[in-house]
Amino acid sequence: MGIHEQMRVAVSAVLITKNADKQLEQCLQKLSFVDEIVVVDSGSSDSTLAIASAYQAKVIHQEWLGFGPQKQFAVSQASHDWVLCLDADEYLSEELSLSINRMLENPQAAAYRFPRCNRFMGRFLKHGEGYPDWSLRLFDRRRARWSDDAVHEYVICDGPVEKLGGDLMHESGEDIALYLSKQNRYTSLQAEQLYKRGKKVGAGKLLFSPLLRFFKFYFVRRGFLDGLPGLVHISIGCFNSYIKYAKLIELRRLNKNG
């Protein structure tokens, strides 16, 4: 190992998985530069574990805790304080890999975010809601951690956050039916979170939140440049906003009358 490599900060790549064999290998192939791969699995019945083992990953079983707690548990299992958190259906672009390697030679912040490029209906979206989709995924765990949210979790950091060049590619391989099924689960979890926080909404929020969201992402953020996939992606996001608040209203009424 040369002097240049010895001075570089060590980093662990951390993933949570369940039945992710269709995407996992592409993700792991792009992680040859990391010092460790940690895979926390919540009960895969496909070949996920075999693929992880083939890439010398440290595999740990953990029953599902919710997105935030599961990811934080995975971070705690890493051998190194710098962690790169990925989902199995994501992979690093060449530019992002180079940016991360350069940063590790001399970290200047507590955490780093980079744009995520989402594939939808066969197209990588470059506008609207699908891009740049800034994602904070690389951090020093002594100064940052995942939130406890069961869905739409985020990293809480007590130090400076900087940006890195290059895209985190997100290629889930889902068709619209599966995508909608997942969004249905997410909106239920979001409504439950809002209910626990005492959030109240009325007809105005229910109606105007989706409309404002569409205007923002389709026109201001130029989602129309992504063609039909961009229109469908933004429309589903607007529908999710409507459904999330409708479910919250339902929760409040059921618990009021129950």
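What about Val83, is it over 30 Å from Tyr218 (Cβ atoms) and either charged (D, E, K, R) or in contact with a helix residue (DSSP H, G or I) (Cβ under 7 Å, 6 or more places away or on another chain) (or both)?
Numbers: over 30 Å from Tyr218 (Cβ atoms): yes; either charged (D, E, K, R) or in contact with a helix residue (DSSP H, G or I) (Cβ under 7 Å, 6 or more places away or on another chain) (or both): yes.
In short, yes.
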Restricting to the range 73-95, what's the tally of residues that are over 16 Å from the mean Cα position of the chain (by Cα) and crowded, with 22+ Cβ neighbours inside 10 Å?
2
Taking interchain pairs and intrachain pairs at least six residues apart, which have beta carbon atoms under 8 angstrom, with the first residue in the range 232-244 and free of Cβ contacts under 8 Å to residues at least 24 places away in the same chain and the second assigned to a helix (DSSP H, G or I) and hydrophobic (A, V, I, L, M, F, W, C)?
Ser235/Phe214
Exclusive hit being touching a helix residue (DSSP H, G or I) at 6+ places or on another chain (Cβ under 7 Å) and at pLDDT 95 or above, set Ser147, Ser99:
Ser147
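Scanning the range 129-148 for residues that are open to solvent by less than 40 Å² (accessible area, probe 1.4 Å) and part of a loop (DSSP other than H, G, I, E, B), which turns out farthest from Arg222 (Cα to Cα)?
First, pick out the residues of the range 129-148 that are open to solvent by less than 40 Å² (accessible area, probe 1.4 Å): 130, 132, 135-140, 144, 146-147.
Checking the rest, the ones that are also part of a loop (DSSP other than H, G, I, E, B) come to 132, 147.
Details: Pro132: 12, Ser147: 31 Å.
Top of the filtered list is Ser147.
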Condition first: touching a strand residue (DSSP E or B) at 6+ places or on another chain (Cβ under 6 Å), in contact (Cβ under 8 Å) with a residue 60 or more places away in the chain, under 18 Å from Glu153 (Cα atoms) and among the charged types (D, E, K, R). Now tell me which residues in the range 74-133 satisfy that.
Glu90
Pair list, Cβ under 6 Å, 6 or more apart: the range 205-221 residue open to solvent by 70 Å² or more (accessible area, probe 1.4 Å), other residue among the small types (Gly, Ala, Ser)
Arg213/Ser241; Arg221/Gly128
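Hey, among Gln29, Gln56, Gln62, which residue is touching a strand residue (DSSP E or B) at 6+ places or on another chain (Cβ under 6 Å) and surrounded by fewer than 21 Cβ atoms within 10 Å (Cβ to Cβ)?
Numbers: Gln29 fails: touching a strand residue (DSSP E or B) at 6+ places or on another chain (Cβ under 6 Å); Gln56 fails: touching a strand residue (DSSP E or B) at 6+ places or on another chain (Cβ under 6 Å).
The unique qualifying residue is Gln62.
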For the range 149-201, give me the residue count where each residue is outside any helix (DSSP H, G or I), open to solvent by 50 Å² or more (accessible area, probe 1.4 Å) and among the hydrophobic types (A, V, I, L, M, F, W, C).
2
Any idea how many residues of the range 49-84 are within 28 Å of Gln190 (Cα to Cα), of a type outside the set (Asp, Glu) and assigned to a loop (DSSP other than H, G, I, E, B)?
5
Which condition from (1) open to solvent by 30 Å² or more (accessible area, probe 1.4 Å); (2) at pLDDT 95 or above is the one that Ile3 breaks?
(2)
Report yes if Val232 is open to solvent by less than 40 Å² (accessible area, probe 1.4 Å) and closer than 24 Å to Phe120 by Cβ, otherwise no.
yes
Residue hits (the range 156-204; free of Cβ contacts under 8 Å to residues at least 60 places away in the same chain and closer than 18 Å to Arg116 by Cα) are Val161, Glu162, Lys163, Glu174, Tyr179
Among residues of the range 7-34, those that are over 14 Å from Ile51 (Cα atoms) and at pLDDT below 95, counted:
2
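The values are calculated or read from the model by the stated rules, or taken from the named source; none is laboratory data. Computed from a predicted structure; not experimentally measured. Because the Cβ atoms are built from the backbone with ideal geometry, glycine has one as well, and the counts that use them run over all protein chains shown. Remember, those area values only see protein heavy atoms, side chains included, never the ligands or the DNA or RNA. Shrake-Rupley method; radii C 1.70, N 1.55, O 1.52, S 1.80 Å.
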